[in-house]
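One structure is given here, and the rest of the page talks about it.
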């Protein structure tokens with residue numbers, strides 16, 4: 001991830017109880033197991049959703065962390081020994097799991113109970129998944145080194161090393177880089193994926209990457225790297241996950257500026273592994289997580305956006321401008337086509353690595 005949390009140590013963690021401050025109830029207590037990516041993201045989920053859910057319902061929520069390995073879910077379902085009830089997955093993975101029959105279908109009645117499908121961003125309403133948060137890949141710079149009035153403001157500027165000098169850093173992946181390259185080449189947002197679905201479009205993106213390649217000092221692989229590169233002055237501009245940049249500013253006192261123009265946003269979603277013995281209770285937890293007040297509460301802990309517009313008015317006005325789907329930021333955003341990347345990730349990654357080696 002790719003986003004903030006996913007670059008922390010995320011080896012499969014031992015399960016630990018959360019929400020233990022809830023008063024005990026008579027008889028056997030209901031228990032759910034929730035699995036996410038650890039780090040700051042899961043910390044936010046604990047504070048904004050898990051603890052309040054336990055306090056309101058008395059349901060104990062056990063937690064585990066993983067690295068996004070779909071094989072863990074497949075192994076459980078195949079063996080008929082499903083120990084996870086709710087799993088946070090990346091956007092493209094939800095569709096893969098659904099198509100493979102490894103996760104439960106989200107019933108229409110569920111969406112009716114949480115306000116109807118129209119209350120949510122369309123990407124958050126899927127056959128087998130419900131949205132959790134939005135996050136973005138952006139580019140950023142250190143305003144202590146580059147005055148904002150002299151800084152790059154578009155992807156064309158990012159590519160223009162003469163007018164906006166300094167080393168660059170990009171992620172070591174074709175994902176987002178191909179989209180950014182086409183934006184830098186003047187392609188409108190609504191034509192990006194139409195072009196990338198053609199050999200000519202992919203060739204055009206790689207030709208544009210040829211231009212920036214000599215100026216890329218570091219092809220980063222972990223989300224912690226771009227803020228550090230900026231802080232150390234090793235690069236002038238770097239692509240990054242928006243949560244990492246915001247976190248560096250808030251927790252480390254940095255003065256990094258995010259350029260939202262053309263940012264690539266996507267989402268994490270919640271799925272229920274097929275055969276979970278607690279499906280109904282899991283749906284109840286997911287419904288709780290989608291409440292506008294809980295969605296807004298997430299932003300108190302991490303700068304990822306809500307999947308329901310009803311949460312926007314509840315968000316701290318000082319935090320709102322730093323979210324991917326703040327109204328102003330959404331106007332200049334590209335929703336990542338997860339279906340495209342599921343279909344083309346392997347082939348384009350092979351080509352990208354070969355291109356890097358040239």
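The angle between the Cα long axis of helix 199-212 and the longest principal axis of the Cα atoms of the chain comes to about 70 degrees, rounded to the nearest 10. Of all DSSP beta bridges confined to the chain, the antiparallel ones make up roughly 60%. Helix 338-357 and the longest principal axis of the Cα set of the chain meet at an angle near 40°.
With neighbours defined as other Cβ atoms within 10 Å of a residue's Cβ, the residues 113, 104, 280 order from fewest to most as 280, 113, 104.
The protection proxy used here, the mean number of other Cβ atoms lying within 10 Å of each residue, ranks peptides 315-326, 37-48 as follows, highest first: 37-48, 315-326.
Inverting the pair-averaged 1/r between distinct Cα atoms of segment 200-354 gives 18.4 Å as its Kirkwood hydrodynamic radius. Classify segment 141-208 as rounded, prolate or oblate, taking a ≥ b ≥ c as the square roots of the eigenvalues of its Cα gyration tensor: rounded when a/c is under 1.5, otherwise prolate if a/b is larger than b/c and oblate if not. It is prolate, given that a/c is not under 1.5 and a/b is the larger ratio. Here each label is just a point 7 Å from Cα along the line to Cβ, and for residue 343 and residue 293 those points are 4.4 nm apart. Seen against the Cα atoms of the chain and their longest principal axis, helix 242-252 is set at about 90 degrees. Projected over every direction and averaged, the convex hull enclosing the alpha-carbon atoms of segment 160-287 yields 11.3 nm².
No value in this document is a laboratory result; all are computed from the given coordinates. What you see is a predicted model, and the numbers here were worked out from it, not measured in a lab. So basically every Cβ, Gly included, is an ideal-geometry build from the backbone, and we count neighbours across all protein chains shown.
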